[in-house]
Each structure stands twice: as C-alpha cells, then as structure tokens.
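See structure below.
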Amino acid sequence: MRAEVAVVDGKNPDRGIIEKAGQILKNGGLVAFPTETVYGLGGNALDPEASIKIYAAKGRPSDNPLIVHIAEMGSLEKIAADIPEKARILAGKYWPGPLTMILPKAAIVPGETTGGLDSVAVRFPSDPVAQALIRAAGGFVAAPSANTSGRPSPTRAEHVEEDLGDAIDMILDGGPVGIGLESTIVDFTEKVPVVLRPGYISLEMLEETLGEVRMDRGLLITDENIRPKAPGMKYRHYAPAADLSVVEGPQEKVIAFINQRAKEAAEAGGRTGIIATDETAGRYEEGIVRSIGSREEEEGIARHLYEVLRNFDSDQVSEIYSEAFYTPKMGQAIMNRLLKAAGHKVIHIPEEEEK
C-alpha cells in the first residue's frame, strides 16, 4: 500500500493530522516527518518491532544505531541512565536544535533501537511538526533519515515518497527543511566529549561551550572493523547512482581538470555531472552543471547538497565531479557528507606541477 501523504503547515500543523500520525506510531507503524535538518523516518523508539521495521524499510544494517527524538527536556531522564553535567550544559544551550547527544542508555530503551549498544543517541528537534508528532506518539520516536540506506538524505517530502513511498504508512509534508544536513552528534560516554558527526553546530561552537572537545578518528578514516556508535560512521552514505569524485586544489586548476575530464567523456559518448558554485558554474564547458549555491552563503550550500546529488540520478550521468567546499563555519560538515557520498574518492590538484 502506498504511503498516505498529508500536507501540514510547518509552523502550525493540523491537530487532526498529527493525532492520526501519532496513532500510527503508537500502533507500531512508520511515519516520515520533517525536522529542521532532514526528513526523519519515525517509529516508536520503545518498541523493538518498530525499530526492526525501520531497518527493513530503509535497507539499513541493524548495527547502525537509531536516534531517539524527544520533545520535552524531562524526557531525557527516562531514557538516559547517566547525564554528565557537560551534556546538560550543551542541551541547555542548543536544545531544541540540530544536536544529538550519546549517553548511557536506560533499560527502557531496547537494543533494537540502539544497534545493540549500551548507549543511546538522543535529539530534541526544533521543528514544530516534529515536536507535535513526538508528543502525539508518546514522547519517544526513533528516527533515522527517511531515505533508502546509502542514498542522499531527503530534504523534501517528495524525496521520501520516491525512496520509501511503498514501505511506510504515512508522510507528513511540511515543505523543504531549513538546514539540509543531519545533526551534530556528540558522544558523552567518554571522559572528553567526542564529535562523531559534524553538523550545523561546529567544533568551535562546542569548544566555546564545553572547553576540550575532540573529533573522532572515524571521521577521517573508515575502518570496517570498528562498530559504529552513531549513524553514518561506518557505511557509505548520501551517494548518487553515478561515481562521484571530489576535486580539490587551486580553483583555476580544478576547473581546468574537470573541464578536461568532461570533454573526454563527451567525446566517448558519456555524460558528466559537475557540482559547482554560482561563482564557477558558467566556466564549465561540457557536461550537466549544477550550482550548489554561492560560497558566500555556506548555509545555502549545505541546504542544497542532497538535492543536487539526487537530481543527478534523473540526469543519468555516468560520472560526477564536485568542487571541494572548505567554507568557514559549515565546511567540515559539508565535506564530511560529500566525502562519504564519494566513498572518500578525492583527486588532489597540486599548487604547482611536479617537475
């Protein structure tokens, strides 16, 4: 059966629609809904069978933990066995918002939801539709991104319907999301807080609030032998159908390199996709060029990344080349997602040609 799609006002969602969606979750069903980051695929976080359904619908490995979404600060006490003072401080500053914290789990949270781990990932989203649904569903909603595992995360309801329309019960369409990249994940199960996934809340922002914070080495090196403590750490994610490469180096040389590759592909009868910016898009001579936005507006780049990756699938390109995006605030998060989409395939163009 095809999922019911219900359009909701992002600021003032219809109570009847929300109650219906909440009842689906209480009955063990699955509902996709908007958050300020990306669309989530919701199930009852305290129901093991609902979590199993989420993994099945997404085609997601069951050792990849789900994030439990709450809509009240007091709910954290019920699902976390221990809450360090620094976690409370961070929650006080950034909740509700695009922050996920990993804490020791309480017995009430089933292992099916946490990927078998003794910790639980928790988030309090700021989106009004998300908050209303969580409350209507009983207060605890497990929700990874609402896409087929490995594909770019959904930033519109249409993306959810494309991927999961035949696998879930309902989609709440609250329009396009605001941020477009998943939440920052901070692990508080170690002595020093560890960033497991960069996001809108940057390392610098975390350090300003908490002092010492470190980045997990898994963000730089993919190790198949390491069990993931948070979503997206181990498996290839956000990937378009075509092979994607990130090209980094001096802008002029990057453009020249991509132009040469696109020309060679065209001569061989192929189609090349190019991810550029407003500043550079007009300088590419071959291929299908999509601008991700202006480098002067990095939040726009973050918001458009997944949609641009998805659009190339309908273009049926055989290869995609992307410029690198080391922007000041969100560059770390943008590049984290882009490199995962590329399977960490990077082409580095040196400053000077080697002699």
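The values are calculated or read from the model by the stated rules, or taken from the named source; none is laboratory data. Since the structure is predicted, the reported quantities are computational estimates derived from the model, not experimental observations. Here the Cβ is made from the backbone with ideal geometry for all residues, glycine too, and neighbour counts use every protein chain on show. Side chains are part of the model used for accessible areas, which takes the heavy atoms of the whole protein and leaves out ligands, DNA and RNA. Shrake-Rupley method; radii C 1.70, N 1.55, O 1.52, S 1.80 Å.
Does segment 26-33 contain at least one residue that is of a type in the set (Lys, Arg), within 16 Å of Ala136 (Cβ to Cβ) and not in a loop (DSSP other than H, G, I, E, B)? So far as segment 26-33 goes, yes, one or more of its residues are of a type in the set (Lys, Arg), within 16 Å of Ala136 (Cβ to Cβ) and not in a loop (DSSP other than H, G, I, E, B).
What do you reckon, is Tyr39 open to solvent by 10 Å² or more (accessible area, probe 1.4 Å) and out of contact with any Cys (no Cβ under 8 Å at 6 or more places or on another chain)?
It is false that Tyr39 is open to solvent by 10 Å² or more (accessible area, probe 1.4 Å) and out of contact with any Cys (no Cβ under 8 Å at 6 or more places or on another chain).
Residue count for segment 301-325, restricted to those that are open to solvent by 10 Å² or more (accessible area, probe 1.4 Å) and farther than 18 Å from His237 by Cα: 5. Hey, can you tell me all the residues within segment 110-124 that are under 20 Å from Ile24 (Cα atoms) and either part of a loop (DSSP other than H, G, I, E, B) or hydrophobic (A, V, I, L, M, F, W, C) (or both)? Selection gives Pro110 alone. Taking the condition surrounded by fewer than 23 Cβ atoms within 10 Å (Cβ to Cβ), within 24 Å of Phe33 (Cβ to Cβ) and either touching an Asp or Glu at 6+ places or on another chain (Cβ under 8 Å) or in contact (Cβ under 8 Å) with a residue 12 or more places away in the chain (or both), does Arg197 pass? No. Only residues that are within 17 Å of Met330 (Cα to Cα) and part of a loop (DSSP other than H, G, I, E, B) were counted across segment 201-212, and they come to 2. Take the conditions touching a strand residue (DSSP E or B) at 6+ places or on another chain (Cβ under 6 Å), closer than 20 Å to Gly22 by Cα and either among the polar types (S, T, N, Q) or crowded, with 22+ Cβ neighbours inside 10 Å (or both) and apply them to Ala121. Does it pass? Judged against the criteria, Ala121 is not a match. Residues that are within 24 Å of Pro154 (Cβ to Cβ), in contact (Cβ under 8 Å) with a residue 60 or more places away in the chain and touching a helix residue (DSSP H, G or I) at 6+ places or on another chain (Cβ under 7 Å) number at least 3 in the following strands (runs of 3 or more DSSP E) confined to segment 268-355: 319-323. Could you tell me whether any residue of segment 217-231 is under 30 Å from Ile274 (Cβ atoms), modelled with pLDDT of 70 or more and open to solvent by 10 Å² or more (accessible area, probe 1.4 Å)? The answer is yes, given that some residue of segment 217-231 is under 30 Å from Ile274 (Cβ atoms), modelled with pLDDT of 70 or more and open to solvent by 10 Å² or more (accessible area, probe 1.4 Å).
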